[in-house]
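The values are calculated or read from the model by the stated rules, or taken from the named source; none is laboratory data. These numbers come from a predicted model, not from an experiment. Here Cβ is always computed from backbone atoms with ideal geometry, including for glycine, and neighbour counts include all displayed protein chains.
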Amino acid sequence: MSTNRVTGRRPGRVTWRNRSQAVAGFDGIEDGRFSVPTLTTVAPDKEQIARLAVELLAELIGGHRGAVAREVSAGYRLELRESA
């Protein structure tokens, strides 16, 4: 038997009893704001990811064949909501 039980006390609202687990999504999906309970998500900086991808592609197209492999990373933010 699960230790989490979801019960609806009011229409459109869910409460958690004996909450021992948390749920989180990834990719900052907007629909998570409308779920019940609202979904915690990790939202990557999509603009920064796009900028880095274009820069790396431009280097490849520009003939930088001798480029050294490197690790790149982009920022993110945690959007803490009711599910965690």
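Whenever a residue of the stretch 45-57 is at pLDDT 90 or above, its partners that are loosely packed, with under 14 Cβ neighbours inside 10 Å and not polar (S, T, N, Q), lying with C-beta atoms within less than 8 angstrom and at least six residues away or across chains, give the pairs D45/G75; D45/R77; Q48/G75; L52/V72.
Checked against (1) in a helix (DSSP H, G or I); (2) touching a strand residue (DSSP E or B) at 6+ places or on another chain (Cβ under 6 Å); (3) not acidic (D, E), I49 passes all but a single condition, namely (2). Put simply, of S35, S73, S83 the only residue that is touching a Pro at 6+ places or on another chain (Cβ under 7 Å), at pLDDT 85 or above and of a type in the set (S, T, N, Q) is S83.
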